[in-house]
Amino acid sequence: MMEAFRKAILQAGPPETFALKTVQEVIKPQKQTKLAQDENQLLENMLRTLLQELVSSAVQSGEEIMLYGKSIDDVDEMQGVIPRLLDVVLYLCEKEHVEGGMIFQLLEDLTEMSTMRNCKDIFRYIESKQDILGKQELFARGKLVMLRTCNQLLRRLSKANDVVFCGRILMFLAHFFPLSERSAVNIKGVFNTSNETKYEKDPPEGISVDFNFYRTFWSLQEYFCNPASLSNAPIKWQKFTASLMVVLNTFDAQPLSEEEGAENNLEEEATTFNIKYLTSSKLMGLELKDPSFRRHILLQCLILFDYLKAPGKNDKDSSESMKEEINSCEDRVKKLLEVTPPKGKDFLHSIEHILDREKNWVWWKRDGCQPFEKQPIEKKTVHDGAKKRRTRWRLGNKELSQLWKWADQNPNALTDSQRVRTPTISDYWKPLAEDMDDSAGIEAEYHHKNNRVYCWKGLRFSARQDLEGFSKFTEHGIEGVVPLELLPPEVRSKFQGKPSDRSKRAKKEEMRSTSHQVEESQIATPASEIEGEGIRADAEASVAVMDTDVSAATGNNSQGGTPTPEPDEHQKQSPDTDVGQEAGQLEADAEVETGMIDGETDPEAESDHVG
């Protein structure tokens, strides 16, 4: 299989003419244009092995890796074997015939197998393919591999000797990754404290230099390296300000003229310079006359002050006196930058603009690095040239207006008895009962008990029509509310078991309340019987008084000479007497009933009857 790829990459012409055909011949995929996962893995292992063999052959031949296989007679556009292989894989990844991360894996392997000299050529190839590698379908698959590859290169490079190459890698990462990528942002604001500036601690012999000033000057780098150490340490802050005042006073005492600034202007000279200045005490006098050297030191001061004044960082820790000292030192540093040639005012204006923009970055990082990219808003163009008016609905929206329109067309829509039908308990719970049958094979995600609206409606129906079933909800859940006659026998047995502890406690409490009511009724019964007997005695006494009155009236008539009535007359009077007795008996019964209902009798009423 590898021999087929060896022959393919030696062919002339663009990769699209033979790349896919070669993959189909070697792998024989299930699909014609896209490989499966196992097929991708097989192809990746084969390509990595082929790449390793090509690199080994290039090293043995003594040629550069990216130029291996290129003949002297070839034209300039002709590539080596390894770049040709990378182009083929890049084309397959771009057209999504293979997995998008395959090209990134090959580039990582190639940098690990190469020397730093060859890595520069490899990275030049990566820079040339940046636009294709940055496409979304490839970037999502290989961004972490590319980040790991670049970080490994930075670790292998010397920060002092390979400054340009390190800068190329950092610039590539800045363009390759989006602006809001969190992996490229120093979220916590950690400083590089390992960047230590070494200088002489003891004064050398035979050198006429103010060694105290030399040591004070270079000791400021310890604070510039870690500005956070000054925020919570008043003693360090006082020591720093004292050393800084000595340096600023020296700069004020030895101003630079325009001629000295023009002589040392590095912008016009095409010279290379290191990232760190030399700290030898012999060079102290010359460095003080260098305007770019002064600008670097003063710029470090402004960066430190800007960090200490950052919003929300040291509001509680820094005192008012410290804030005043920061402002006064900052003003003095800006005045020195303004008078430092050449073009001091323009340089100061540019620095102030950069520091103002830096505050926006500080706020952005503290807010969680929100993405800057926003999707463009699609503007709908109106072909007629006039703005389309928004539709106004009668009742505020389309649905309500349509309902109102239907009601106008059908007056019986709201009064129809068949409009709302409340189903019976059996009909409503029948779908849930079918789901509870294991033989039905209903999957859990389609079970009716997971439908909250269905369960809520069913509980409302059961609360109105089936309180016994509704009471089972607390013990068995929603499945316990289903009527037992709807359940299959094997499921019904689960809900017909022994009563739970809660039901037992409810029955015990019910029995206790019943016995308590019986005891209260037994206590109240004797008093009611005594009151009833007293009422009956009063009623009998009132009836006896009425009989006595009637007999007395009869006796008086006989004594007054009135003839004694005959039996017929007695028979005629007896109905009246019976009526009076019956009326008295009815009144007595009514009073008895009143006393029985009220539970007591009126003593004044009894005395009136007796009198």
query = From the cross-link list LYS159/LYS201; LYS159/LYS198; LYS7/LYS28, which pairs have alpha carbons spaced over 20 Å apart?
reply = LYS159/LYS201
ask   = For segment 1-176, with the dipole built from +1 on Lys and Arg beta-carbon atoms and -1 on Asp and Glu ones, taken about the Cα centre, which of PRO29, CYS119, LEU154 lies farthest toward the positive end?
value = LEU154
ask   = Given LYS309/LYS374; LYS34/LYS374; LYS21/LYS70; LYS334/LYS374, which pairs have Cα atoms separated by over 29 Å?
value = LYS309/LYS374; LYS34/LYS374; LYS334/LYS374
task = Mind running the shape call on segment 425-493? Use the C-alpha gyration tensor, a ≥ b ≥ c as the square roots of the eigenvalues: rounded below 1.5 for a/c, prolate if a/b tops b/c, oblate otherwise.
result = oblate
remark   = Regression test value, accessible area per residue of segment 13-75, probe 1.4 Å, units Å², expected 62 Å²
note = Per the rule of 0.36 nm per residue minus the C-alpha distance, extending LYS159 to ASP437 adds in nm 92.8 nm
message = Using a Förster radius of 51 Å, what is the FRET efficiency between HIS353 and TYR125 based on their Cβ-Cβ separation? Nearest 0.05, please.
response = 0.85
task = Report in % the part of the accessible area of segment 425-493 that belongs to carbon and sulfur, leaving out ligands and nucleic acids; probe 1.4 Å.
result = 51 percent
note = Per the C-alpha gyration tensor (a ≥ b ≥ c, the square roots of its eigenvalues), segment 1-176 is rounded if a/c is under 1.5, else prolate if a/b beats b/c, else oblate; here it's oblate
ask   = What accessible area per residue comes out for segment 425-493, rounded to a whole number of Å², with a 1.4 Å probe?
value = 63 Å²
remark   = Two pseudo-spin positions, 7 Å from Cα along C-beta at GLU485 and at GLU222, lie apart in nanometres by 9.5 nm
remark   = In terms of the alpha carbon gyration tensor, root eigenvalues a ≥ b ≥ c, rounded if a/c is under 1.5 and otherwise prolate when a/b exceeds b/c or oblate, segment 68-167 is oblate
ask   = ILE235 versus LYS449, label points 7 Å from Cα toward the beta carbon: distance in nm?
value = 7.0 nm
query = How much length, in nm to one decimal, is gained on full extension between ALA12 and ASP427, taken as 0.36 nm per residue of separation minus their Cα-Cα distance?
reply = 141.7 nm
Probe 1.4 Å, all protein chains present, accessible-area order of VAL246, VAL145, VAL453, largest first = VAL453, VAL246, VAL145
remark   = Of the accessible area of segment 1-176, computed with a 1.4 Å probe and all protein chains kept, carbon and sulfur make up a percent value of 50 percent
remark   = Note: ARG464 to GLU53 extended length (0.36 nm per residue) minus current alpha-carbon separation gives 139.8 nm
request  = Within the set of other residues whose C-beta is less than 15 Å from the C-beta of ASN397, count the net charge using Lys and Arg as +1 and Asp and Glu as -1.
outcome  = +4
task = Please go through segment 438-474 and write out the chymotrypsin sites (Phe, Trp or Tyr not before Pro) that DSSP classes as loop and that have at most 14 other C-beta atoms within 10 Å.
result = none
inquiry  = Rolling a 1.4 Å sphere over the protein heavy atoms, what is the accessible area per residue of segment 143-188, to the nearest Å²?
reply    = 61 Å²
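The values are calculated or read from the model by the stated rules, or taken from the named source; none is laboratory data. Note that the coordinates shown come from a computational prediction; the quantities given were computed from them, not determined experimentally. Note: ideal-geometry Cβ built from the backbone for every residue, glycine included; neighbour counts use all protein chains shown. Areas reflect the complete protein model, heavy atoms only, side chains present, ligands, DNA and RNA absent. Shrake-Rupley method; radii C 1.70, N 1.55, O 1.52, S 1.80 Å.
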